[in-house]
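Please treat every number below as a calculation from the coordinates, not as lab data. Note that the coordinates shown come from a computational prediction; the quantities given were computed from them, not determined experimentally. In this analysis, Cβ positions are derived from the backbone assuming ideal geometry, glycine residues included, and neighbour counts consider all displayed protein chains.
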Amino acid sequence: MLSVAWLVVTVALVFAFVGALLVPGYVYSPRKPSGAKKSTFDCGEDPAPGEAWSSFKFQYYPLIVIFAVFDAAAIFLFLWATSNFSAITAIVGLAFVGTLLVTMPVIIVTIERVYGVVSARDDT
């Protein structure tokens, strides 16, 4: 019963904290848009003429996602490998985790490149 009470108190405090951060921004935000407020402002220069939208190449986006996933996984796996084990087991665990974190992105990128080559060959 005590853990449920702490959970309720924690959730209430989180909502109160988030509300305390969001409400002043909503209350004091400007409400009268004007041409000057809507214009692009960059270091005192006028905005460049023409359309600001441009195409963006997603060539490296999968690599960024893979890095982010395995970077977060490395933190948790490192903590797991060193937490409750003896020194020898921790060393073996770290060696396994290191090998896993180095080889998995390489395998994923290799599969991605092979798929790209095969699908490009099928298109021609």
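Side notes on the structure shown:
- Region 61-101: chymotrypsin sites (Phe, Trp or Tyr not before Pro) falling in loop per DSSP and having at most 10 other Cβ within 10 Å: none
- Residue-wise HN-Hα coupling along region 65-71, computed from phi with Karplus coefficients 6.51, -1.76, 1.60 (Hz; x: Gly, Pro): 5, 4, 4, 5, 5, 6, 5
- 3J(HN,Hα) from dihedral phi, region 105-122, Karplus parametrisation 6.51/-1.76/1.60, rounded to Hz, x for glycine, proline: x, 5, 5, 5, 5, 5, 4, 4, 5, 5, 4, x, 5, 5, 5, 5, 5, 6
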